[in-house]
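Notes to accompany the following structure.
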């Protein structure tokens with residue numbers, strides 16, 4: 001099911017790439033998630049708008065520690081990865097918990113497996129600053145290998161080789177099929193709130 005036409009101008013105002021929303025299933029899901037959140041906000045009696053005039057994304061996004069925003073902006077400047085995308089991955093992976101450990105052994109804010117950390121990290125994966133910079137380096141590596149930020153997000157979840165094996169598409173794994181739109185929706189939310197994130201994820 002497509003996005004209702006009346007929402008497309010609103011999505012454009014809030015920075016969604018309308019052409020991608022029309023054609024790309026991941027962007028369509030991300031836009032649909034955003035619309036649903038706004039509709040729920042209105043249904044709950046609020047006006048759904050923050051003091052800065054932005055729609056509030058209710059109940060699904062943790063607040064961002066100021067120092068994380070600063071580090072993400074620095075990591076963005078050194079790698080070219082949008083700061084909002086770095087933060088979106090961190091929010092999705094750990095909810096901004098620097099001490100998180102997954103059942104499979106992924107560690108820290110950006111949920112690095114030990115082998116991947118050895119390649120892209122410096123120091124400890126539980127150091128949030130180090131994790132943000134390592135996450136940016138890893139996303140940059142994946143984007144160069146796979147050709148787009150969207151596929152880099154998929155590679156972050158499923159591994160770069162899984163994306164290659166899927167013909168440079170989002171792999172047909174249920175978790176990854178849900179992960180990519182979720183990160184894109186978070187990215188869209190953070191983009192209007194984080195300086196230094198002008199480079200749009202595609």
Rounded to whole Å, give me the distance from the Cα center of the stretch 86-108 to that of the stretch 139-185.
17 Å
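Can you check how the C-alpha radius of gyration of the stretch 66-184 compares to 2.2 N^0.38 Å, as a plain ratio?
Numbers: Rg = 13.0 Å, N = 119, 2.2 N^0.38 = 13.5 Å.
Dividing the Cα Rg of the stretch 66-184 by 2.2 N^0.38 Å gives 0.96.
Only the coordinates and a few stated rules stand behind these numbers; no lab work does. None of these values were measured; they are calculated from a predicted model.
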